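The values are calculated or read from the model by the stated rules, or taken from the named source; none is laboratory data. These figures come from a predicted structure and were not determined experimentally. Because the Cβ atoms are built from the backbone with ideal geometry, glycine has one as well, and the counts that use them run over all protein chains shown.
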Amino acid sequence: MPQLSASIKSKLPKVGTTIFSKMSALAAQENAINLSQGFPDFDCSPKLVELVSKAMKSGANQYAPMSGLIGLREQISEKTEKLYTGKYKPDTEVTITAGATQAIFTAIAASIEEGDEVIIFTPAYDCYEPAIDLAGGICIFVELKSPEYRINWDEVKKLINQRTKMVIINTPHNPTGTIMTGQDMLQLEKILDKSDILVLSDEVYEHILFDGYEHQSVARFPKLAERSFIISSFGKTYHTTGWKIGYCLAPEKLMTEFRKAHQYNVFSVHTPSQQAYAEFLEYEDEYLNLKHFYQKKHDLFKDAIKESRFNPYQTAGSYFQLLDYSNISDENDIEFAERLTKEFKIASIPTSVFYNRKVDQKVLRFCFAKQDETLLRAAEILNKI
């Protein structure tokens, strides 16, 4: 094909193929057990599939309203108030999105201007920084120290200035599996008091917490909620990551701006899935029991590798387990992850990719949202390394 005389100047020069794509491709190439990318290898509820099929057969195959089906928004509003006491108006403060990543991108695109500073806690999910870069914002990184990965709020306070526009939080946290406590939320609330700084709260693992912990949603804290976009995901809750349906909650003033960007990004999302989720949310046990479902998988995997040379970090939520391999190898985490995939046929994600600078703590992330048989086979391999 003929080449243009002028090339496009990349707006994301640091971005290439993601490590998730690379490791999943390598796992497929090597026929390895894939515990790298965060998606289940088991089916969703047959009832949910039945509801989507029913919606399609009933003719729900055209555009949904830009903000989402009102029935689904009403169910989300009721669920949020019931679980977290936060009240959101279905018509003006809830929007259905094409997954959580699109919601995060849209919230940033709608609110961040050239030169605005956004505080990000690293290790961080990889979609935050590129979205801020595209909006012309400036990322201010706060590094969480292993193995606890707790936020140092005194450090955060020192970084706040007149250019700070947003703080991004993520609880339960990907990739570390840590959670923010109620005290953390109160600390953040105090720091942001009397400012116009926004919060983007990534809560996609809201129903996956262990050992009796409760999710501390921003929706529980009125003074935080009034300045926050809250993002969640049906994909994580209902084992349907491929359907790409999520949602955003925000006060009307913020949601008005969010929808301006949303309507010219995707406009609306898959109608039959929305109708199915609206009905399925009536089955409260499906999301209330999710923590017990994943607690069993977490405990199974952790117990199965207790004879290995890997050192597991504490996991309080999400479906990821960090394993320290410093007793096994001096290789950097990318090299070691690749060697594990090629030689031992098990794929993981090196945690260094979640930082803005070179940080090699000899730690890999493994996803335990897998069938028990898969986890036991993976553990058998890990115990031999």
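Within the range 142-160, one or more residues are among the basic types (K, R) and in contact (Cβ under 8 Å) with a residue 12 or more places away in the chain.
Considering only residues in the range 54-74 that are part of a helix (DSSP H, G or I) and among the small types (G, A, S), the one that is nearest to T92 (Cα to Cα) turns out to be G71. Given the criteria more than 20 Å from the chain's Cα centre (by Cα) and closer than 17 Å to V204 by Cα, does S77 qualify? Yes; evaluated as a whole, the condition is true for this residue. For the range 110-163, taking the residues that are under 18 Å from the mean Cα position of the chain (by Cα) and small (G, A, S), the one that is surrounded by the most Cβ atoms within 10 Å (Cβ to Cβ) is identified as A124.
Of the residues that sit in the range 232-269 and are crowded, with 16+ Cβ neighbours inside 10 Å and hydroxyl-bearing (S, T, Y), which one is farthest from C367 (Cα to Cα)? Looking at the filtered set, the residue picked out is S268.
For every residue, the table says whether it meets (1) not β-branched (V, I, T); (2) not in a helix (DSSP H, G or I).
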{"residue": "K22", "(1), (2)": "yes, no"}
{"residue": "Q29", "(1), (2)": "yes, no"}
{"residue": "D43", "(1), (2)": "yes, yes"}
{"residue": "L48", "(1), (2)": "yes, no"}
{"residue": "V52", "(1), (2)": "no, no"}
{"residue": "E78", "(1), (2)": "yes, no"}
{"residue": "Y88", "(1), (2)": "yes, yes"}
{"residue": "A109", "(1), (2)": "yes, no"}
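So in the range 164-186, with the set limited to residues that are more than 14 Å from A225 (Cα to Cα) and in a helix (DSSP H, G or I), which one is farthest from the chain's Cα centre (by Cα)? The qualifying residue farthest from the chain's Cα centre (by Cα) is Q183. Y313 fulfils the conditions (1) buried (at least 16 other Cβ atoms within 10 Å of the Cβ); (2) hydroxyl-bearing (S, T, Y); (3) touching a helix residue (DSSP H, G or I) at 6+ places or on another chain (Cβ under 9 Å) except for a single criterion, (3). The residues on offer are L83, L26, and the sole one that is at pLDDT 95 or above and either under 22 Å from E203 (Cα atoms) or not assigned by TED's automatic domain parsing to the domain that holds N174 (or both) is L83.
Among (1) among the polar types (S, T, N, Q); (2) closer than 30 Å to D372 by Cα; (3) modelled with pLDDT of 95 or more; (4) surrounded by fewer than 18 Cβ atoms within 10 Å (Cβ to Cβ), where does T101 come up short? Condition (4) is where T101 drops out. Filter the range 342-385 down to the residues that are assigned to a loop (DSSP other than H, G, I, E, B) and of a type in the set (A, V, I, L, M), then identify the one that is surrounded by the most Cβ atoms within 10 Å (Cβ to Cβ). So the residue we want is A369. Would you be able to say whether some residue in the range 273-293 is buried (at least 17 other Cβ atoms within 10 Å of the Cβ), modelled with pLDDT of 95 or more and farther than 30 Å from G99 by Cα? For the range 273-293, residues buried (at least 17 other Cβ atoms within 10 Å of the Cβ), modelled with pLDDT of 95 or more and farther than 30 Å from G99 by Cα: absent.
Checked against the criterion of being in contact with a strand residue (DSSP E or B) (Cβ under 7 Å, 6 or more places away or on another chain) and either among the β-branched types (V, I, T) or at pLDDT 95 or above (or both), the candidates K302, K260 yield just one match: K302. Cβ separations smaller than 8 Å between residues 6+ apart or across chains give the following pairs from the range 204-224 residues that are within 22 Å of K89 (Cα to Cα) to residues that are of a type in the set (A, V, I, L, M) and assigned to a loop (DSSP other than H, G, I, E, B): H215/I179; Q216/I179; Q216/M180.
Checking each residue of the range 40-53 against the condition of being touching a strand residue (DSSP E or B) at 6+ places or on another chain (Cβ under 7 Å), of a type in the set (A, V, I, L, M) and closer than 25 Å to F234 by Cβ gives no match. Taking the range 223-336 and the strands (runs of 3 or more DSSP E) fully enclosed by it, the elements with 3 or more residues that are of a type in the set (S, T, N, Q) are at 228-233.
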